[in-house]
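The values are calculated or read from the model by the stated rules, or taken from the named source; none is laboratory data. Treat the numbers as computed from the prediction; the structure is a model and nothing was measured. Here the Cβ positions follow ideal geometry from the backbone for every residue, glycine too, while neighbour counts run over all protein chains shown. Note: accessible area is taken over every heavy atom of the protein model, side chains too, but ligands, DNA and RNA are not part of it. Shrake-Rupley method; radii C 1.70, N 1.55, O 1.52, S 1.80 Å.
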Amino acid sequence: MSVDVRHEALQTVTKPLQVEERRQGAPILAVKKLRTCFDTYRGQVRAVDGISLSVRPGETVALVGESGCGKSAAALSIMRLVPPPGRITGGQVIFDGQDLLALSRAEMRRIRGRRIAMVFQDPLTALNPTLRVGAQLVETLATQGAARGRAARQRAVALLDAVGIPAAAERMRAYPHELSGGMRQRVVIAMAIAGQPDLVIADEPTTALDVTLQAQIMELLAKLKEERGLAILLITHDLGIVANFADRAAVMYAGQIVAEGPVADLVREPLHPYARGLLRCVPRLGRPDVPIHPIHGSVPDMVAPPAGCRFAPRCPEAMPQCRQEMPVLKRQPPTARTIRQNSEGESLARGGTVRRVRCHLHPGEGGNGR
Amino acid sequence: MIADGVLIEVRDLARHFAAGHGRVVRAVDGLSFDIARGETLGLVGESGCGKSTLGRLIARLEEPTRGQVLFDGVDLTALPPAKLRPLRPRIQVIFQDPYASLNPHKTVRQIVGLPLRVRGGRANGQVRERVLELIGMVGLDPEHAGRFPHQFSGGQRQRIGIARALAAGPELIIADEPVASLDVSIQAQILQVLRELQQRLGLTLLFISHDLSVVSHISHRVAVMYLGKIVEIGPAQSVIQEPRHPYTRALLAATPRLEPGARRSTPLAGDVPSPMAVPPGCRFHTRCPLAITEECRRTESPLRELAPGHRAACHLA
Ligand SMILES: Nc1ncnc2c1ncn2[C@@H]1O[C@H](COP(=O)(O)OP(=O)(O)OP(=O)(O)O)[C@@H](O)[C@H]1O
Ligand SMILES: Nc1ncnc2c1ncn2[C@@H]1O[C@H](COP(=O)(O)OP(=O)(O)OP(=O)(O)O)[C@@H](O)[C@H]1O
Ligand code: SF4
Ligand code: SF4
Ligand SMILES: [Mg+2]
Ligand SMILES: [Mg+2]
């Protein structure tokens, strides 16, 4: 199929918006001091321990960190889908001006799928193995009140087309197992955007895929973001993906956000020792001269996190103060590099200029602890 | 450091699987290459292209449909089981899922000690000493020796797997996606351990991964596989910096880089064809972004040397 036809198909399933206008505007999602814990026999696992972050329309914000840092727990909390024994114990999830945590279950159900959609790592969990993909899409459209009957079928084909499934009309009849992993993930994304959501939360959407399919899926998400002003919260542990596809990134460690800001700042000038450590773990393609350095030790047990800075036991720059006093997430003053970059106008386009860091090495500018 | 001499010679090696209804999966479809002694050869390619099958064929865990694997000049494929057995410890495999390959009822001491006892020639005290030495080499503590696999993290289990492989005294280690399921920080630890051991012990390493960044980091040479065949092979830097095959270029373009905003050109379209229906002519022609010629549809290009030690199988390269 030609690019033009696909582009048209995309237009028919998206709402026209002033993308640029919305990107500059208020966040569609603002998470404030969110806390979620799991009550286990060993004690309380503080999986999400007071995180704050926001996503604007037309913006991709990445949430990164090692396994067990609380990324998925944060995403599930936003959707109010935390499984027992987990529960949300505090904070706010402001979506389009209303606190999702204050909504009734019925109201929340109307938000899910229609206004916020979720894409998981394993597409099979999101698809019914016994139903043809076309039927699943039609059903999704019907339950969301978007379309019925013939109109729904046409919309479904347009959606499959929009996510780049060749011969979409024929693929409507395929069962999930008859599709490749990449095609299945496209179907899941088609279902996610069927209700024209404002926000998509994608939890490791490409981790199970080959690089070529990964690139296709990430390009698709980027296109939806750019063309229809979708807001994306992208959870991944792949810093290359973050660098290539996110506008801003929040680095999570042991349930907390320890660094947050424009992706260019994170990659070119990571201020937080944990962010620096993560970047130094990644082998650079075609740069055998750049050695990799593992971070020693492992993520702490969140039943009894270390006192003071949670990263202190693994931090090569830890000071005595770090083991006693928990640092606060503070807004950072511009550096020589960010000033130069901003004068070139680059970061205004991608992720703004504000960066926050939780580290005693960077006391920052005054109180903004968020 | 790469010592002289060839350790592994693979000659027109193929493994086809029967898939019912008379169909045949051409998992490994006739390929030839060498691995030098003391060298790390990285093997990349998309899921299902035959990397693991090739690794298993070289380790002689799989019967070839045709072709030979010469290990130190000896044709492994022609050896009867009795003659093969003494060679087995010299080739060790490390798997992606370390947990599945470790006996849950044995302690680390027993797991790592077993290959030593099988090899024989060591008193009990010497075995115990060597076990501690080995687990130290892979960065575990002596106090870990008495623990069971479930008491370890994924990265630590992979270290146990490496220690067990080393205990057999191998010359060749085949590492099949050894870091694929691990966090970046743990991945970096394991890569460092493997690289150090390879250099210190002069091991020969076949490192299988779908991640070109990881492969390029650890390998002296890189081989790129597509649908059962090697389409490009050469010195790592040469393959990464000056890829000759359109498929290698596509893989490189799709690999995320730590450069903000570095968005690649259009990603490779479509899926890999089924290994049950390998396209005729050049097997990449159904996805090739180059202006393919009549010849591409008709004949398959052999691997041709295009730069010193750098070969690619493309009519237009
Ligand atoms: N159902 C549960 N019961 C108890 N603890 C849980 C449960 N789910 C998650 N946790 C704990 O919450 C913490 C955060 O887990 P979470 O799944 O959010 O991590 P993550 O950052 O998404 O990791 P990954 O990269 O492995 O997906 C971990 O310590 C985890 O063990
Ligand atoms: N025992 C078998 N019987 C039938 N087909 C098989 C068998 N083993 C492998 N195959 C097929 O051979 C092809 C190559 O498989 P292989 O596992 O070698 O690929 P791979 O490159 O290691 O893939 P991955 O990256 O997913 O591990 C696949 O199509 C696979 O389904
Ligand atoms: S507060 Fe101290 S221990 Fe924590 S990251 Fe900063 S320097 Fe390291
Ligand atoms: S031989 Fe032809 S089809 Fe095959 S990779 Fe080269 S140009 Fe493409
Ligand atoms: Mg997760
Ligand atoms: Mg494999």
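For residue B:11, what is the net charge nearby, where nearby means another residue's Cβ is under 11 Å from its Cβ and Lys, Arg count +1, Asp, Glu -1?
-3
What's the average, rounded to a whole number, of partner chain beta-carbon atoms within 10 Å of each residue's beta-carbon in A:237-249?
4
Which percentage, to the nearest 5, of the DSSP beta bridges contained in the range B:6-312 is antiparallel?
60 percent
Kindly provide the pair-distance distribution of the range A:102-172 built from C-alpha pairs, with 10 Å bins from 0 and whole-percent values in order of increasing distance.
Spelled out per bin, shortest first, that is 19, 45, 30, 6, 0.
Between the range B:98-115 and the range B:264-317, what is the separation of their alpha carbon centroids in Å?
43 Å
For residue A:326, what charge total do you get from the other residues with a beta carbon under 9 Å from its beta carbon, if Lys and Arg give +1 and Asp and Glu give -1?
+1
Angle, helix B:154-167 long axis vs. longest principal axis of chain B, Cα atoms, 0 to 90°, nearest 10?
80 degrees
Just by accessible area at a 1.4 angstrom probe, what is the order of B:40, A:89, A:125 from largest to smallest?
Putting B:40, A:89, A:125 in descending order of accessible area: A:125, A:89, B:40.
Taking all protein chains in place and a 1.4 Å probe, what share, in percent, of the accessible surface of chain A do carbon and sulfur account for? Mind showing how you got there, number by number?
Working: 7870 of 15200 Å².
For chain A, the apolar C and S fraction of the accessible surface comes to 52 percent.
Determine, at each q value in 0.08, 0.10 (inverse angstroms), the log₁₀ of I(q)/I(0) that the Debye formula gives when each Cα of chain A is one equal point scatterer.
So the normalised log intensities are -0.42, -0.65.
Am I reading the B/A interface right? What is its buried accessible area, both sides, 1.4 Å probe, to the nearest 100 Å²?
Buried surface at the B/A interface: approximately 3500 Å².
Could you work out how far helix A:133-143 tilts from the main Cα principal axis of chain A, as a 0 to 90 degree angle to the nearest 10?
The answer is roughly 80 degrees.
Which whole number gives the average, over all residues in A:289-302, of C-beta atoms from other chains lying within 10 Å of the residue C-beta?
4
Solvent-accessible area of residue A:40, probe 1.4 Å, all protein chains present, reported in Å² to the nearest ten, please.
We get 50 Å² for residue A:40.
Counting C-alpha atoms alone, how compact is the protein assembly as shown: give Rg to one decimal and Dmax as a whole number, in angstrom.
26.4, 79
Between the helical axis of A:3-13 and the dominant principal axis of chain A, each derived from Cα atoms, what acute angle in degrees is found, rounded to the nearest 10?
That works out to roughly 90 degrees.
Kindly work out what percent of the DSSP beta bridges joining two residues of the protein assembly as shown are antiparallel, to the nearest 5.
60 percent
Roughly how many Å² is the accessible area per residue of the range B:6-312, as a whole number, for a 1.4 Å probe?
Counting only protein heavy atoms, the per-residue value for the range B:6-312 is 41 Å².
Counting each DSSP H run of 4 or more residues in chain B as -39500 (n - 2.57), what helix-only mean residue ellipticity at 222 nm follows after dividing by all residues, to the nearest 500 deg cm²/dmol?
-9000 deg cm²/dmol
In square angstrom, rounded to the nearest 10, how much accessible surface does residue B:148 have for a 1.4 Å probe?
Here the accessible area works out near 70 Å².
For the range B:143-182 and the range A:159-205, what is the separation of their C-alpha centers, rounded to whole Å?
38 Å
Computed from the mean reciprocal separation of all distinct C-alpha pairs, what Kirkwood hydrodynamic radius does the range B:6-312 have, in Å?
About 20.6 Å, per the Kirkwood formula over Cα pairs.
State the number of lysine pairs found in the protein assembly as shown whose Cα atoms come within less than 20 Å, restricting to pairs 8 or more positions apart or on distinct chains.
Pairs that pass both the separation and distance tests number 7.
Report the local net charge at residue A:236: Lys and Arg +1, Asp and Glu -1, summed over other residues whose C-beta lies under 11 Å from its C-beta.
-2
Which of the residues in the range B:43-67 lose at least 40 Å² of accessible area when you go from the chain alone to all protein chains together (probe 1.4 Å)?
B:46
Using helices alone, what [θ] at 222 nm do you get for chain A, with -39,500 (n - 2.57) per DSSP H run of 4 or more residues, divided over all residues and rounded to the nearest 500?
-10000 deg cm²/dmol
Quick one: pull the percent of accessible area on the range B:6-312 belonging to carbon and sulfur, 1.4 Å probe, ligands and nucleic acids left out. Don't skip to the answer; put the middle values down first.
Values: 6340 of 12600 Å².
Carbon with sulfur: 50 percent of the solvent-accessible area.
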